[in-house]
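Please treat every number below as a calculation from the coordinates, not as lab data. All values derive from a computational prediction rather than experimental measurement. Counting neighbours? That spans all protein chains shown, and the Cβs are built from the backbone with ideal geometry, glycine included.
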Amino acid sequence: MKKLDIHLSEVQAVYDGAEGVLWELIMGEQIHVGGFKSSMELATRAGIKEGMHGIDLCSALGAGCRFLAKNFNVTMVGYDGTTTMIEKAKARTTEEGLGEMIENRMGDVTSISFGDGVFDFVWGEDAWCYVDDKAKLISEAVRVLKPGGILAFTDWIEGPNSLSDEEAERICTFMKFPYLQNRSGYEELIRSHGLTITESTDLTEEFAGYVDFYIKMLTDQLTFDALKIIGDNMELFQAMGGEMAFMAEKAHEGKMGRGRFIARK
């Protein structure tokens with residue numbers, strides 16, 4: 001898929017501003033499809049165990065780290081490139097009394113400020129779609145993993161039926177994605193860095209239902225709240241609704257979806 005000229009600065013603008021607040025309203029504090037249920041399935045399938053030390057790349061509000069610390073008794077680093085997200089993650093970590101288990105650090109996930117072989121697992125949930133150099137991201141994830149370590153992530157991907165260039169450009173421009181990787185592309189990246197894939201699952205059909213759900217929430221329940229976040233701009237609200245409806249259409253056509261990937265070093 002052709003890459004768009006979208007980089008970290010554009011993603012920072014989203015999550016430092018009103019759009020980031022809007023995504024939390026729609027999707028909850030975890031800001032990923034399936035929330036707690038999806039996180040529990042990923043962690044269980046990956047074999048996350050008590051006492052492990054992990055890093056969440058593109059950790060946003062740090063909810064993934066807090067989920068893992070509370071439910072699996074692991075220590076975590078939340079690593080994200082957006083100031084607002086890191087500041088909120090630090091505050092919420094302190095509020096929940098998890099400061100001794102979680103460090104939230106600002107940084108670029110394509111140049112991770114840790115040495116080699118530090119972590120038992122690398123974690124990600126529906127956020128690597130924002131990264132323009134996914135090969136470097138995977139390379140860095142593998143570098144900071146210990147031998148035998150686990151790579152476990154979900155992400156929004158191009159579906160099995162593939163988007164046209166025009167469809168992909170429309171979705172990626174709206175979402176601020178430089179491009180959408182597909183399932184086989186992620187598999188190739190993972191294998192090319194020496195990892196053994198233990199799971200690669202297409203979740204496109206499930207994803208389509210969630211997009212429908214988010215649209216219904218916005219139109220049937222959260223309209224007032226969403227309008228408040230974007231300055232009561234009804235024209236903008238309707239335009240954003242139109243783009244989400246387009247994503248839902250492409251998801252139901254199997255052109256845009258989500259995948260779950262687990263691998264070992």
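What value does segment 120-168 have for Rg/Rh, both radii from Cα atoms and Rh as Kirkwood defines it?
The Rg/Rh ratio comes out at 1.08.
For segment 38-191, what is the convex hull (Cα atoms) projected area averaged across all directions, in square nanometres?
Dividing the Cα hull surface by four gives the mean projection, 9.1 nm².
On a 0 to 90° scale, report how tilted helix 234-252 is relative to the longest principal axis of the chain, with both axes built from alpha carbons and the result rounded to the nearest 10.
60 degrees
Place a +1 charge on the Cβ of each Lys and Arg in segment 186-234 and a -1 charge on the Cβ of each Asp and Glu, then give the dipole magnitude about the Cα centre in debye, rounded to the nearest 20.
220 debye
How large is the convex hull of the C-alpha atoms of the chain per residue, in Å³?
116 Å³
So what are the three principal axis dimensions of segment 163-265 from its Cα atoms, in whole Å, longest to shortest?
For segment 163-265, the Cα spread along each principal axis is 50, 27, 25 Å.
Can you work out D for segment 185-237 in µm² s⁻¹ from Stokes-Einstein, where Rh is the Kirkwood radius over C-alpha pairs, the temperature is 37 °C and the viscosity is 0.692 mPa s?
This corresponds to a translational diffusion coefficient of 228 µm²/s.
Give me the mean projected area, in nm² to one decimal, of the convex hull enclosing the Cα positions of segment 35-88.
Hull-based average projected area comes out at 3.5 nm².
Hand me the trypsin sites (Lys or Arg not before Pro) from segment 1-52 located in a DSSP loop with no more than 16 other Cβ atoms within 10 Å, in residue order please.
Answer by residue number: LYS2, LYS3, LYS49.
Could you work out the percent of alpha carbon pairs in segment 226-265 separated by over 12 Å, rounded to a whole number?
That tail contains 69 percent of the Cα-Cα pairs.
What pairs in LYS70/LYS146; LYS134/LYS176; LYS134/LYS216; LYS88/LYS228 have C-alpha atoms more than 26 Å from each other?
LYS134/LYS216
Distances over 19 Å make up what percent of all Cα-Cα pairs in segment 1-93?
Result: 44 percent of Cα pairs exceed 19 Å.
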